[in-house]
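Shown next, in structure tokens, is the structure this report addresses.
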């Protein structure tokens with residue numbers, strides 16, 4: 001296990017683990033790093049690194065906003081949607 005004291009090197013390792021294979025979450029990235037490296041407050045620093053990801057903000061978009069008021073269609077009489085054609089058979093064109 002390698003002990004890493006240099007913060008820029010820690011950032012590089014976190015970026016490498018996050019960007020290269022896939023964009024995993026905090027716990028998975030921490031577990032990948034923990035197998036080979038160690039530094040103080042490692043989980044907290046990985047969490048801070050992941051929180052700063054600007055382009056990943058869209059993944060955490062909130063859908064808990066206020067719902068807009070719905071405007072239902074007016075209810076009309078039966079003939080509005082349903083009609084019948086009483087025309088006699090028309091002659092076929094030649």
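The values are calculated or read from the model by the stated rules, or taken from the named source; none is laboratory data. Worth saying up front: this structure is predicted, and the values here are computed from it rather than measured. Cβ coordinates were reconstructed from backbone atoms using ideal geometry, including for glycine residues, and neighbour counts include every protein chain displayed.
Just checking, how many residues over region 18-28 are in a helix (DSSP H, G or I), at pLDDT below 80 and surrounded by 12 or more Cβ atoms within 10 Å (Cβ to Cβ)? Quick ask: steps written out before the conclusion?
Taking region 18-28 first, the residues in a helix (DSSP H, G or I) are 18-19, 26-28.
If we keep only those that are at pLDDT below 80 too, we end up with 18-19.
Filter again for surrounded by 12 or more Cβ atoms within 10 Å (Cβ to Cβ), leaving 18.
Here the count works out to 1.
Hey, residue 46 hits all of (1) modelled with pLDDT under 75; (2) part of a helix (DSSP H, G or I) but one; which does it fall short on? The one condition residue 46 does not meet is (1).
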